[in-house]
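Only one structure is covered here, and it is reproduced in the block below.
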Amino acid sequence: MRPRAAVTGLLVVLPMALTAACGSRLPESDFTDRPTGPAPPASTEPLRVGIVLSETSPVGGETFTGPRDGVKAYFDRLNAKGGIEGRKVEVHTCDDGGSGVGNNECVHKLIDEQKVVALVATASLDYAGAPQVARAGVPDIGGQPIGPAYDTYPHLYSIYGSLAPRKGGKPGWDGKQYGGTEIYRYFKREHGARTAAVVSYNQSASASYARLVTDGLKAEGYKVVNEQVDFALPNFRAAAADLKEQGADLVFDAMDTHGNAQLCKAMDDAGVSVTAKVTNAQNWTSTVADDYKDAPRCRNALWVTGASRNYEDVDHPAVKEFRDAVDAAEGGDRVSQWELEGWAAAMWFTDAAKSCLKEESDVTRACVDRFMSSGKPYTARGLLLPVVFEQRPEPPETRRTCLSVARWKDGDGWVGQGEMNDTCFDVPQLPYGP
């Protein structure tokens with residue numbers, strides 16, 4: 001369902017390039033003596049970008065670090081090649097600790113003190129500083145939509161795009177966001193699934209996402225089994241026993257990796273066998289074998305869906321470039337889909353900056369924002385499904401939506417299931433929100 005979602009115990013990621021006219025018209029007299037080559041940039045000062053992330057949030061130290069690592073890997077590689085038209089990119093990070101107060105402090109530090117030209121790949125548990133970012137007109141490029149901010153405020157551009165008005169105030173359309181049913185259509189069409197379970201915590205964000213999934217499944221004609229466990233003391237054994245009794249084909253979750261691993265172990269212990277244990281892009285990592293070491297049957301039933309190309313697809317040139325860079329920097333010990341999406345966000349900023357240097361000979365917040373808001377789809381050289389930002393006055397009733405699908409196999413890792421640009425469905429758009 002769009003926006004694509006990822007949940008971590010205390011949160012829900014609610015997901016769902018462009019050439020801009022950054023130029024100016026000059027008098028004819030300025031063209032009498034044409035230069036023999038491109039004009040040098042107006043400045044050779046580094047371009048400062050900021051990353052706000054909840055590195056030390058209550059949901060775990062590595063939960064939000066993937067996008068940051070992807071950004072740093074991209075800009076390290078870019079700077080080694082000379083930067084953007086000779087200008088290096090200087091990355092400033094700020095850990096907001098997972099709190100709204102910390103987030104506001106980070107936004108103030110990066111925007112007002114560090115004077116960053118843009119934020120890139122934001123990954124914050126509580127994006128309380130989003131109104132500050134919008135008021136300052138600072139483009140926030142390729143952030144993970146944890147909460148409704150990216151469907152609420154102007155100048156915020158999530159990695160998944162948005163069709164909402166984004167005028168500030170209420171998110172989406174009069175407080176309602178909309179998502180599609182393409183994930184459920186896929187498993188129904190490709191695997192004949194008919195009964196699905198949705199497991200969530202008794203925590204507001206997790207429960208809200210579970211309702212979203214449930215509504216989508218019902219719209220696609222599934223029988224839905226809802227299982228809710230206590231966040232502090234979850235009884236996964238009882239949930240697994242009920243899954244077996246109900247005969248679920250699919251299991252969806254609104255939980256973090258730790259919760260998923262515990263659920264999978266309980267499913268294995270109870271002898272639960274499903275067509276697919278479907279998780280989200282946040283759990284699309286190379287650490288599955290360790291994370292689910294106690295649940296081999298469930299582990300090999302893991303499927304994941306998202307909006308970006310599988311990081312294992314090294315036959316694709318853009319993925320290979322990403323993997324070469326991160327494997328060289330990190331030894332390939334840990335790779336994640338969010339890291340690839342952080343790399344794509346850094347590429348997005350780079351393309352915006354190149355456009356501004358070409359058209360205006362400088363990189364400003366306003367020019368980068370015009371590039372982002374041009375309305376043209378962006379794919380990061382094929383790493384992303386086409387990302388579009390529009391401001392539609394009314395939500396769409398239906399939409400053609402594509403998705404990236406992979407499944408885990410021991411020994412092979414995440415195995416892609418078809419070309420993401422061809423795995424597409426015309427599906428209804430359903431409202432969700434308070």
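Sorted largest first by accessible area at a 1.4 angstrom probe radius, with every protein chain in place, the residues Arg194, Arg400, Arg77, Arg309 fall in the order Arg400, Arg194, Arg77, Arg309. In the structure shown, the pairs Lys109/Lys358; Lys115/Lys354; Lys170/Lys320; Lys72/Lys188; Lys176/Lys409 are assessed against 31 Å; a Cα-Cα span above that value is assigned to Lys170/Lys320; Lys72/Lys188; Lys176/Lys409.
The relative contact order of the stretch 129-250, computed from alpha carbon pairs under 8 Å that lie at least 6 residues apart in sequence, is 18 percent. Largest accessible area first, the residues Asp333, Asp362, Asp215, Asp268 order themselves as Asp333, Asp215, Asp362, Asp268 under a 1.4 Å probe with ligands, DNA and RNA left out.
The slack between Thr56 and His258, meaning 0.36 nm per residue of separation minus the straight C-alpha distance, is 71.1 nm. On the beta carbon distance between Asp269 and Asp362, with R0 = 45 Å, the FRET formula returns roughly 0.15.
For the stretch 121-210, what does the alpha-carbon gyration tensor say about shape, rounded, prolate or oblate, given a ≥ b ≥ c as the root eigenvalues, a/c under 1.5 as rounded, and a/b over b/c as prolate? It is prolate, given that a/c is not under 1.5 and a/b is the larger ratio. Restriction of the trypsin sites (Lys or Arg not before Pro) in the stretch 95-141 to DSSP coil positions whose beta-carbon has at most 14 other beta-carbons within 10 angstrom yields Lys115. Could you please state, rounded to a whole Å, how far the C-alpha centre of the stretch 390-434 is from the C-alpha centre of the stretch 166-227? A separation of 12 Å, based on Cα centres.
Assuming a ≥ b ≥ c are the square roots of the Cα gyration tensor eigenvalues, decide whether the stretch 323-434 counts as rounded (a/c under 1.5), prolate (otherwise, with a/b larger than b/c) or oblate. Oblate, because a/c is 1.5 or more while a/b does not exceed b/c. Counting only Cα atoms, the stretch 71-151 measures 37, 23, 22 Å along its principal axes, largest extent leading. The solvent-accessible area of Ile111, taken with every protein chain present and a 1.4 Å probe, is close to 10 Å².
Under a 5 Å amide H cut-off, with hydrogens placed 1.01 Å from N, Glu90 pairs with Leu47, Arg48, Val49 among residues at least 5 apart or on other chains. Classification of the stretch 252-343 by its C-alpha gyration tensor yields a prolate form. The axis ratio a/c (a ≥ b ≥ c) is 1.5 or more, and a/b outweighs b/c. Across all directions, the average projected area of the convex hull around the alpha carbons of the stretch 62-215 is 11.9 nm².
One quarter of the surface of the convex hull around the alpha-carbon atoms of the stretch 194-332 equals 9.3 nm², the direction-averaged projected area.
At the residue level, Ser404 shows approximately 10 square angstrom of accessible surface with a 1.4 angstrom probe and all protein chains present. Here the Karplus curve 6.51 cos²θ - 1.76 cosθ + 1.60, taken at θ = phi - 60°, turns the phi angles of the stretch 74-80 into couplings of 5, 6, 4, 5, 5, 5, 5 Hz, with x standing for Gly and Pro.
Per-residue 3J(HN,Hα) values for the stretch 83-96, derived from phi via the Karplus relation 6.51 cos²θ - 1.76 cosθ + 1.60 with θ = phi - 60°, read x, 9, 6, x, 9, 6, 9, 9, 9, 10, 10, 8, 8, 8 Hz in sequence order (x marks Gly and Pro).
Taking a Cβ cut-off of under 12 Å around Lys293, the surrounding Lys, Arg, Asp and Glu residues balance to a net charge of -3, with basic ones at +1 and acidic ones at -1. Rolling a 1.4 Å probe over the protein heavy atoms leaves Arg365 with an accessible area of roughly 60 Å². In order along the stretch 414-426, the phi-based Karplus estimate (6.51 cos²θ - 1.76 cosθ + 1.60, θ = phi - 60°) of 3J(HN,Hα) comes to 7, 9, x, 10, x, 7, 5, 6, 9, 8, 10, 9, 8 Hz; Gly and Pro are listed as x. Counted by Cβ distance under 12 Å from Leu78, the other residues give a net charge of +1, where Lys and Arg count +1 and Asp and Glu count -1.
The values are calculated or read from the model by the stated rules, or taken from the named source; none is laboratory data. Please read all numbers here as calculations on a predicted model, not as lab measurements. For neighbour counting, all protein chains shown are included, and Cβ atoms are generated from backbone atoms with ideal geometry for every residue, glycine included. The area values use the complete protein model at the heavy-atom level, side chains included, leaving out ligands, DNA and RNA. Shrake-Rupley method; radii C 1.70, N 1.55, O 1.52, S 1.80 Å.
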